[in-house]
């Protein structure tokens, strides 16, 4: 079972943390170390901005905790000493655009005056906050552990749309991208996107086609390319390849040299390989 935390910090520190692709740090005191030791991989953290914002602007999932004696923050670099060595790395699941933090943040009932570095909350307290922040998320899915498991061989023959999306999300996060599902593009939503920074436009865009309308999926990918110059990928079964090639030779000829077709089985294999490498590196201690 995962825990749910509110993490308060200044606007300046949150901006740097998010730009650093998700690292937070605490002072090495007994009181704060007890909180740091309590946070675990797969816990949910809510980004609370203090000062004039006074509200939650996003949330993410803890990947690992680590002790680091190398300056990271601007104050540490300027003072040439480490002030916050008790660190944890997290994936950014959702973040409001920074120019909307003042107006669209979600306030906490009872105010936001915190004396603790991490505030443990019950799921029933956290759920409405996440729903208000990101109405498009399936909130109950956050209650369980989110790291997708590689399907066993017997299940590979009939993958589900959501399963493949979750694998793409995990691959993106393992590659240090900000990975999001159901990313808005006007009135439409893209299955999965990877962005380099929270404020960036999508660098990689994926549409997953287990069944359904190939024309519609290619149309969304073309629009993403026209709008952001994104790298575009259609993830589907080998049975779809002939139909895709036919559409690329006709209606969607403009994206024929750009679109990459990836078989679902390759995404499953890539995810398993990425997870294996990550687990080995973590075991050996060569990543945080």
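Largest GNM mean-square fluctuation among 173, 165, 266, using the chain with Cα springs under 10 Å: 266.
Roughly how tilted is helix 161-174, in degrees to the nearest 10 and between 0 and 90, from the longest Cα axis of the chain? That helix lies at roughly 50 degrees to the long axis.
Relative contact order for the range 168-209 using alpha-carbon pairs under 8 Å, separation at least 6, rounded to a whole percent? Can you show the working numbers first?
Working: 66 pairs, mean separation 12.4, N = 42.
Averaging sequence separation for qualifying contacts and normalising by length gives 30 percent for the range 168-209.
Counting residues in the range 4-142 as N, plug N into 2.2 N^0.38 Å and put the Cα Rg over that result. Don't skip to the end; give the middle numbers.
Numbers: Rg = 14.5 Å, N = 139, 2.2 N^0.38 = 14.3 Å.
Ratio of Rg to 2.2 N^0.38 Å for the range 4-142: 1.01.
Against the chain, whose longest principal axis is taken from its Cα atoms, helix 123-133 shows a tilt of about 60°.
Spacing of the modelled spin labels on residue 182 and residue 283, each 7 Å from Cα toward Cβ, amounts to 3.6 nm.
Compute the length gained on full extension between residue 272 and residue 115: take 0.36 nm times their separation in residues and subtract their Cα-Cα distance, giving the result in nm to one decimal.
Working: separation 157, 0.36 × 157 = 56.52 nm, distance 4.15 nm.
Residue separation times 0.36 nm, minus the Cα-Cα distance, leaves 52.4 nm.
Note on residue 30 and residue 127: with the Förster distance fixed at 35 Å, the Cβ-Cβ geometry gives a FRET efficiency of about 0.60.
Once the Cβ-Cβ distance between residue 16 and residue 238 is put in as r, and R0 is 51 Å, what FRET efficiency do you end up with, to the nearest 0.05? My answer for the efficiency is 0.70.
When only C-alpha pairs under 8 Å and at least 6 residues apart count, what is the relative contact order of the chain, in percent?
On the way: 473 pairs, mean separation 43.5, N = 288.
Here the relative contact order equals 15 percent.
Over the range 1-102, Cα pairs under 8 Å with separation of 6+ residues give a relative contact order of 32 percent. Between helix 264-284 and the chain there is an angle of about 30 degrees, using the helix long axis and the longest principal axis of the Cα atoms. A Gaussian network model of the chain, with springs between Cα atoms under 10 Å, assigns the largest mean-square fluctuation among 270, 168, 46 to 270.
Listed highest first by mean packing, meaning other Cβ atoms within 10 Å per residue, what order do 83-91, 234-242, 22-30 come in?
On the way: 83-91: 20.3, 234-242: 16.1, 22-30: 17.7.
The densest-packed peptide leads the list: 83-91, 22-30, 234-242.
Look at where the Cα atoms of the range 83-126 and of the range 225-288 average out, and the two centres are 33 Å apart. Considering only 63, 115, 15, the Gaussian network model of the chain with Cα springs below 10 Å gives its largest mean-square fluctuation to 115. Please work out whether the range 153-271 counts as rounded, prolate or oblate from its C-alpha gyration tensor, where a ≥ b ≥ c are the square roots of the eigenvalues and a/c under 1.5 means rounded, while otherwise a/b larger than b/c means prolate and anything else oblate? Oblate, since a/c reaches 1.5 and b/c is not below a/b.
Taken together, the values in this text are just the output of simple stated rules run on the coordinates, not laboratory data. Note that the coordinates shown come from a computational prediction; the quantities given were computed from them, not determined experimentally. Every residue, glycine among them, receives a Cβ derived from its backbone with ideal geometry; neighbour counts consider all protein chains shown.
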